[in-house]
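Everything on this sheet refers to the single structure shown next.
The values are calculated or read from the model by the stated rules, or taken from the named source; none is laboratory data. The structure displayed is predicted, hence computed values, not measured ones. Here the Cβ positions follow ideal geometry from the backbone for every residue, glycine too, while neighbour counts run over all protein chains shown.
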Amino acid sequence: MWKTFFTLAGLAFGAGALAGCSEDANSDYIVCESTYALCTTAQCTPIEEGQETVFCDCQVKTGYSAGSTPCHDPVDSEEGKQIVSRYSPIKSYAVCTNDRPWAWCYDRPCIVDKNDPAKAVCSCNIAKGKGPYVMVTDAFTASTCTTGLYSSATLEGLKGVTDFLKDNDKLKPFALKVVKPE
């Protein structure tokens, strides 16, 4: 059932109301206000052995966020309320340069947990070999870049969205702190 939802979910996200969007004509980012999934620190688990998709445990938030598509209201489905994973500014991160896989959750479909509306499960793609990637954390430990499967983004992607948000009046980035091994 979940696999069916996540296969078809992208089709349903075209429906729904658009909410207060702000878009730069030269950008791939759209800032708008909605209910969305925040996966910046999400831990993920494979759906099936050998699959290129994982389930990630994300937080449900309401407010301004950045994505590559306009915001929409949650969509009702048999599995529950469908929302999309979007970006909200972070404060600190570590840079990982190894070749471990990580999960790409940006703009991916999610289902809000029926028993806990503050949580959502998102269907994210496995990424690997895309250059330096970031782990959202406020302290670097020996396991920061070597343990588990987490939602992440490339360092280049983080810099791109942060630069875009510097000129946005609805969603401003934080001064980023890069944490390093001691």
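Residues in region 43-79 that are among the acidic types (Asp, Glu) and under 14 Å from the mean Cα position of the chain (by Cα): ASP57 only. Pairs are defined by a Cβ separation below 8 Å, a sequence spacing of at least 6 or placement on different chains, a first member in region 125-153 that is of a type in the set (Phe, Trp, Tyr), and a second member that is surrounded by fewer than 19 Cβ atoms within 10 Å (Cβ to Cβ) and part of a loop (DSSP other than H, G, I, E, B); the pairs so defined are PHE140/VAL179; PHE140/LYS180; PHE140/PRO181; PHE140/GLU182; TYR150/THR41.
Considering only residues that are outside any loop (DSSP other than H, G, I, E, B) and either of a type outside the set (Phe, Trp, Tyr) or within 23 Å of PRO70 (Cβ to Cβ) (or both), which ones fall in region 86-108? Full working, then the answer.
Here is the first cut: in region 86-108, the residues outside any loop (DSSP other than H, G, I, E, B) are 86-87, 92-96, 102-104.
Answer for region 86-108, where residues must be outside any loop (DSSP other than H, G, I, E, B) and either of a type outside the set (Phe, Trp, Tyr) or within 23 Å of PRO70 (Cβ to Cβ) (or both): ARG86, TYR87, SER92, ALA94, VAL95, CYS96, ALA103, TRP104.
For the residues LYS119, LYS114, the requirement of being farther than 15 Å from ARG100 by Cβ and within 15 Å of the chain's Cα centre (by Cα) singles out LYS119. Please indicate, with yes or no, whether at least one residue in region 21-38 is farther than 21 Å from LEU171 by Cα and outside any strand (DSSP E or B). No, the conditions are met nowhere in region 21-38. Applying the condition of being under 20 Å from THR53 (Cα atoms) and among the hydroxyl-bearing types (Ser, Thr, Tyr) to region 147-171 and asking which residue is farthest from the chain's Cα centre (by Cα) yields THR147. Hey, can you tell me all the residues within region 118-147 that are in contact with a strand residue (DSSP E or B) (Cβ under 6 Å, 6 or more places away or on another chain) and in a loop (DSSP other than H, G, I, E, B)? Within region 118-147, ALA118, LYS130, GLY131, PRO132, THR137, ASP138, PHE140, THR144, CYS145 qualify.
Can you tell me which residue within region 146-167, out of those that are in contact with a Lys or Arg (Cβ under 9 Å, 6 or more places away or on another chain) and aliphatic (A, V, I, L, M), is modelled with the lowest pLDDT? My answer is LEU149.
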